[in-house]
Amino acid sequence: MTTDTLTITTQQVQESRISQLDYNNIEFGKIFSDHMLVADYKNDAWQAPQILPYGNMSLSPATSAIHYGQAIFEGMKAYRSADGDILLFRPYDNYKRLNVSAERMCIPQLPEDIFMQGLEQLLRLDAAWVPPTEGSALYIRPFMFATDDFIGVRPSSNYRFTIFSCPVGAYYNAPLRVAIETNYVRSADGGAGYAKAAGNYGAALYPARQMQQKGYHQLIWTDAKEHKYIEESGTMNVMFVIDGVLVTPAVSSTILSGITRDSVLTLARDLGYKVEERRVSVEEVVEAHRAGKLQEAFGTGTAATIAQIATIHYNGEDLELPPFEGRDISNSVAAELDKIKTGQAPDPYNWVYKI
Ligand code: COI
């Protein structure tokens with residue numbers, strides 16, 4: 001942890017846009033808070049960050065991130081406690097993962113003080129944007145991208161790190177219908193699947209759209225070699241309860257190491273549930289459903305939180321899963337996680353960072 005205070009020049013908005021926000025009707029990702037943090041990397045060094053009014057950026061048409069995809073991002077949330085405090089959930093883990101992604105994409109490592117102090121000062125300024133309503137939060141989007149205006153393919157020499165935020169409600173508003181994908185691939189061994197790289201999401205859009213046109217919200221990806229093992233879903237890691245055991249694919253070079261995923265597994269163990277992180281075959285899930293032993297299926301992610309899956313499509317068939325109310329493991333873990341995030345339960349792992 002850094003102790004020196006970073007100087008961050010701040011240009012405040014003339015007039016806040018917060019009056020446009022209806023706390024009781026927040027659409028995910030559509031309205032942005034007043035300010036953003038911007039730090040540039042040039043001449044082999046990170047320059048002093050600035051806080052600016054949220055707004056457009058001027059970029060060269062040759063900006064290399066646009067052409068070759070050197071772009072990575074993170075997602076995290078801040079919650080308002082009953083006392084009015086602003087509580088960030090596991091920001092250091094996002095910081096660490098950002099740099100893991102940066103390494104894979106040949107982007108320079110970001111110093112901790114730019115991330116943490118930048119985040120803290122930005123949130124202090126935009127504190128009013130953290131919604132007080134239950135089920136809502138301030139979604140925070142840190143990202144870094146290559147800014148060289150150069151057309152050759154090589155790692156850029158210049159980069160921009162930015163953080164902006166938006167108040168959000170639920171990411172998924174309907175019981176999730178997901179389809180197991182056995183043709184297209186999200187990531188193969190040796191690829192960049194474990195990195196939160198923009199291109200991973202872009203490449204997933206076409207296959208996802210094929211199934212969305214058939215009435216499914218998301219895909220569940222399978223391994224690139226055999227399409228036999230479950231990997232992750234579009235915006236989430238995936239978990240199943242099979243015969244009372246919480247089972248999830250172990251993280252690997254092809255699977256994003258989700259922070260919500262880790263939080264859920266940790267709390268499930270603490271609550272006394274049996275947890276297995278291992279390879280999970282499609283066949284195991286389908287067979288468990290046939291035998292009446294597939295009790296729960298859900299996704300975990302910062303945006304998605306814990307998103308219950310109602311239907312799994314596989315091989316031309318819709319597997320309908322048990323009702324959400326009886327899903328003891330995911331419901332109890334979700335309740336505990338919510339309490340920790342909003343300061344209503346002890347925080348034994350120091351996940352909560354008070355602003
Ligand atoms: C998140 O859960 O924060 C994500 O980054 C997923 C998505 C919204 C792209």
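The table below lists the values:
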item: Counted residues, region 104-151 - those being in a strand (DSSP E or B) and touching a Cys at 6+ places or on another chain (Cβ under 9 Å); result: 5
item: Only one of Leu52, Leu59 that is touching a Ser or Thr at 6+ places or on another chain (Cβ under 9 Å), touching a residue at least 12 places away in the same chain (Cβ under 8 Å) and not in a loop (DSSP other than H, G, I, E, B); result: Leu52
item: Residue within region 15-37 that is part of a strand (DSSP E or B), of a type in the set (A, V, I, L, M, F, W, C) and not assigned by the TED database to the domain that holds Thr302 present; result: yes
item: Single condition Gly326 does not satisfy, out of (1) modelled with pLDDT of 95 or more; (2) more than 16 Å from the ligand (Cβ to nearest atom); result: (1)
item: Contacts under 7 angstrom Cβ, first residue in region 63-77 being touching a residue at least 60 places away in the same chain (Cβ under 8 Å) and under 29 Å from Thr260 (Cα atoms), partner part of a helix (DSSP H, G or I) and away from the ligand (no atom under 11 Å from the Cβ), 6 or more apart; result: Gly69/Gly199; Gln70/Ser64; Ala71/Ala65; Ile72/Leu98; Ile72/Ser101; Ile72/Ala102; Glu74/Leu98; Met76/Pro91
item: Qualifying residues in region 236-267 (those that are surrounded by fewer than 21 Cβ atoms within 10 Å (Cβ to Cβ) and within 16 Å of the ligand (Cβ to nearest atom)) - the one farthest from Glu181 (Cα to Cα); result: Asp262
item: Among residues of region 275-308, those that are aliphatic (A, V, I, L, M), away from the ligand (no atom under 16 Å from the Cβ) and in a strand (DSSP E or B), counted; result: 3
item: Residue within region 205-216 that is surrounded by 14 or more Cβ atoms within 10 Å (Cβ to Cβ), within 22 Å of Thr260 (Cβ to Cβ), modelled with pLDDT of 95 or more and outside the structural domain of Lys77 (by the TED database) present; result: yes
item: Positions within region 298-315 being touching a residue at least 60 places away in the same chain (Cβ under 8 Å) and either of a type in the set (A, V, I, L, M) or outside the structural domain of Ala250 (by the TED database) (or both), in sequence order; result: Ala303, Ala304, Ala307, Ile309, Ala310, Ile312
item: Of all residues making up region 70-95, the number that are surrounded by fewer than 23 Cβ atoms within 10 Å (Cβ to Cβ), away from the ligand (no atom under 15 Å from the Cβ) and either among the acidic types (Asp, Glu) or not in a strand (DSSP E or B) (or both); result: 6
item: Options Gly272, Gly234, Gly258: the member that is of a type outside the set (A, V, I, L, M) and at pLDDT below 95; result: Gly234
item: Complete set of residues in region 19-45 that are of a type in the set (S, T, N, Q) and modelled with pLDDT of 90 or more; result: Ser19, Ser33, Asn43
item: Given (1) over 24 Å from the mean Cα position of the chain (by Cα); (2) of a type outside the set (Val, Ile, Thr); (3) surrounded by fewer than 21 Cβ atoms within 10 Å (Cβ to Cβ), index of the condition Asp270 fails; result: (1)
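The values are calculated or read from the model by the stated rules, or taken from the named source; none is laboratory data. In this text, all values refer to a predicted model and were calculated from it rather than measured experimentally. Heads up, the Cβs are rebuilt from the backbone with ideal geometry, glycines too, and the neighbour counts pull from every protein chain shown.
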